[in-house]
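Participant: One structure, as structure tokens, below. Some questions next.
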Amino acid sequence: MFKAENITLQRENSTIFEKLNLTINAGEKVVLLGVNGSGKSTLLKLLDGLVFPDSGVLFFEGNPLTKSALKQKQTNEYFRRNVGLVFQNIDAMLFNPTVYDEIAFGARQLEFDDVDARVRNYAELFGLTPYLQSVPFKLSGGQKQKVALACVMSLAPKVLLLDEPTSALDPASTAKFLEIIAALPITTITATHNLAIAPRLGERVIILDEKGTIIFDGSSENAYEIDLLARAGLII
Ligand SMILES: Nc1ncnc2c1ncn2[C@@H]1O[C@H](COP(=O)(O)OP(=O)(O)O)[C@@H](O)[C@H]1O
Ligand SMILES: [Mg+2]
């Protein structure tokens, strides 16, 4: 699905990634762990074609994902249709007058012919049906997070990139969300620093240290070792 080859990325004179290599296969459920500032959000933005490497190449389904590739209408539509990112900062995603319009936005853009059914289906899944006519920015943090998830999931992408998707959810909503993700037969890459939910988000774990270096990439069985987590700063 994705292949990152020797990706280096600098931002304002600091190096966020240096020679990062990574392959993500179709259908994998990946948990991306790391402390604040380790580069989780930036990595998800790279995978979503919002940030581009200074050197190295990122491939999506075998083709380089570059700025110029994404300027081609067909490539852009195919990529946006199939790769969805739920931002860490949800407020940056919500701008429509109602929850209904918010969830419908992507499906309308992509000219789907079953917009209404999609909106109602995903609103119901996240318990948002009573809020379809509400103003998104007036909802609670957790409700906004659910709207953002419904927006992206309603496009039925091949890949879901989730940036701390449960940070505002209460325990019951978190449990429901974990069930929904586990049941999705698609590639998901979920960034979190929440070790309580991490084991339920995927079988493959990638751990970034505070310098943006991958210090572990392997199975969930071996990821949650005290020394490793301490090295990543995830436990004290
Ligand atoms: N737009 C930006 N401009 C400059 N530096 C940035 C920008 N976004 C992130 N960074 C820096 O990149 C590093 C990684 O940030 P981020 O990807 O947000 O980490 P995480 O999501 O793991 O907390 C941090 O040092 C942060 O300060
Ligand atoms: Mg982040």
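The values are calculated or read from the model by the stated rules, or taken from the named source; none is laboratory data. Keep in mind that this is a model prediction, so the values were computed, not measured. So basically every Cβ, Gly included, is an ideal-geometry build from the backbone, and we count neighbours across all protein chains shown. Side chains included, ligands, DNA and RNA excluded: accessible areas come from the protein's heavy atoms. Shrake-Rupley method; radii C 1.70, N 1.55, O 1.52, S 1.80 Å.
Participant: Please go through (1) under 10 Å from the mean Cα position of the chain (by Cα); (2) part of a helix (DSSP H, G or I) for ALA150 and return the number of the only condition it doesn't satisfy.
Facilitator: Evaluating ALA150 over (1) under 10 Å from the mean Cα position of the chain (by Cα); (2) part of a helix (DSSP H, G or I) leaves (1) as the failure.
Participant: Any idea how many residues of the range 27-38 are surrounded by fewer than 19 Cβ atoms within 10 Å (Cβ to Cβ) and of a type in the set (Gly, Ala, Ser)? Spell out the reasoning first.
Facilitator: Here is the first cut: in the range 27-38, the residues surrounded by fewer than 19 Cβ atoms within 10 Å (Cβ to Cβ) are 27-28, 35-37.
Within this subset, residues satisfying the condition of being of a type in the set (Gly, Ala, Ser) are 27, 37.
Of the residues in the range 27-38, 2 are surrounded by fewer than 19 Cβ atoms within 10 Å (Cβ to Cβ) and of a type in the set (Gly, Ala, Ser).
Participant: Scan (1) within 16 Å of ligand 1 (Cβ to nearest atom); (2) in a loop (DSSP other than H, G, I, E, B); (3) surrounded by 15 or more Cβ atoms within 10 Å (Cβ to Cβ) for the single condition GLY202 breaks and write down its number.
Facilitator: (1)
Participant: Follow-up question, since we're still on this one. Do we have any residue at all in the range 6-27 that's acidic (Asp, Glu), touching a Leu at 6+ places or on another chain (Cβ under 6 Å), assigned to a loop (DSSP other than H, G, I, E, B) and assigned by TED's automatic domain parsing to the domain that holds SER167? Even if it seems obvious, please write down each step before you answer.
Facilitator: Our first condition is that a residue be acidic (Asp, Glu); within the range 6-27, this holds for 12, 18.
From what is left, the residues that are touching a Leu at 6+ places or on another chain (Cβ under 6 Å) are none.
For the range 6-27, residues acidic (Asp, Glu), touching a Leu at 6+ places or on another chain (Cβ under 6 Å), assigned to a loop (DSSP other than H, G, I, E, B) and assigned by TED's automatic domain parsing to the domain that holds SER167: absent.
Participant: Could you tell me which residue of the range 153-199 is farthest from ligand 2 (Cβ to nearest atom), considering only residues that are in a loop (DSSP other than H, G, I, E, B), under 17 Å from GLY34 (Cβ atoms) and aliphatic (A, V, I, L, M)? Before you say what the answer is, go through the steps one by one.
Facilitator: Filtering the range 153-199 down to residues in a loop (DSSP other than H, G, I, E, B) leaves 154-158, 164-170, 184-186, 193-197.
Now narrow it down to the ones that are under 17 Å from GLY34 (Cβ atoms): 164-167, 193-197.
Those still in the list that are aliphatic (A, V, I, L, M) too: 195-197.
Working: LEU195: 16, ALA196: 18, ILE197: 15 Å.
The selected residue is ALA196.
Participant: If you go through the range 205-236 one residue at a time, how many are in a helix (DSSP H, G or I) and under 20 Å from the mean Cα position of the chain (by Cα)? Let's see the steps before the verdict.
Facilitator: First, the residues of the range 205-236 that are in a helix (DSSP H, G or I): 220-223, 226-231.
Retained after the next criterion (residues that are under 20 Å from the mean Cα position of the chain (by Cα)): 220.
Residues flagged as in a helix (DSSP H, G or I) and under 20 Å from the mean Cα position of the chain (by Cα) within the range 205-236 amount to 1.
Participant: For residues in the range 39-72 being open to solvent by less than 20 Å² (accessible area, probe 1.4 Å) and not in a helix (DSSP H, G or I), which is farthest from ligand 1 (Cβ to nearest atom)?
Facilitator: PHE60
Participant: A further question on this structure: May I ask you to list the residues in the range 17-40 that are under 21 Å from ILE186 (Cβ atoms) and within 15 Å of ligand 2 (Cβ to nearest atom)? Even if it seems obvious, please write down each step before you answer.
Facilitator: Quick first cut of the range 17-40, residues under 21 Å from ILE186 (Cβ atoms) only: 22-33, 40.
Within the range 17-40, VAL31, LEU32, LEU33, LYS40 meet the criteria.
Participant: Those residues that are more than 19 Å from the chain's Cα centre (by Cα) and polar (S, T, N, Q), I need them from the range 86-105; list them, please.
Facilitator: ASN96, THR98
Participant: How about the range 9-20: which of its residues are touching a residue at least 40 places away in the same chain (Cβ under 8 Å) and either more than 13 Å from ligand 1 (Cβ to nearest atom) or out of contact with any Ser or Thr (no Cβ under 8 Å at 6 or more places or on another chain) (or both)? Working first, answer last.
Facilitator: Start the filter on the range 9-20 by keeping residues that are touching a residue at least 40 places away in the same chain (Cβ under 8 Å), which leaves 9-10, 15-18, 20.
If the condition is that a residue be touching a residue at least 40 places away in the same chain (Cβ under 8 Å) and either more than 13 Å from ligand 1 (Cβ to nearest atom) or out of contact with any Ser or Thr (no Cβ under 8 Å at 6 or more places or on another chain) (or both), then GLN10 is the only one that fits.
Participant: What do you reckon, is VAL86 in contact (Cβ under 8 Å) with a residue 24 or more places away in the chain, within 16 Å of ligand 1 (Cβ to nearest atom), surrounded by 15 or more Cβ atoms within 10 Å (Cβ to Cβ) and over 16 Å from MET153 (Cβ atoms)?
Facilitator: Working: in contact (Cβ under 8 Å) with a residue 24 or more places away in the chain: yes; within 16 Å of ligand 1 (Cβ to nearest atom): yes; surrounded by 15 or more Cβ atoms within 10 Å (Cβ to Cβ): yes; over 16 Å from MET153 (Cβ atoms): no.
So VAL86 does not fit the description; no.
Participant: Report yes if GLY106 is assigned to a helix (DSSP H, G or I) and not basic (Lys, Arg), otherwise no.
Facilitator: Details: assigned to a helix (DSSP H, G or I): yes; not basic (Lys, Arg): yes.
For GLY106, the condition - assigned to a helix (DSSP H, G or I) and not basic (Lys, Arg) - is met.
Participant: Conditions first: (1) in a helix (DSSP H, G or I); (2) within 18 Å of THR98 (Cβ to Cβ); (3) not aromatic (Phe, Trp, Tyr). GLY127 passes all but one, so which condition is the exception?
Facilitator: For GLY127, the exception is condition (1).
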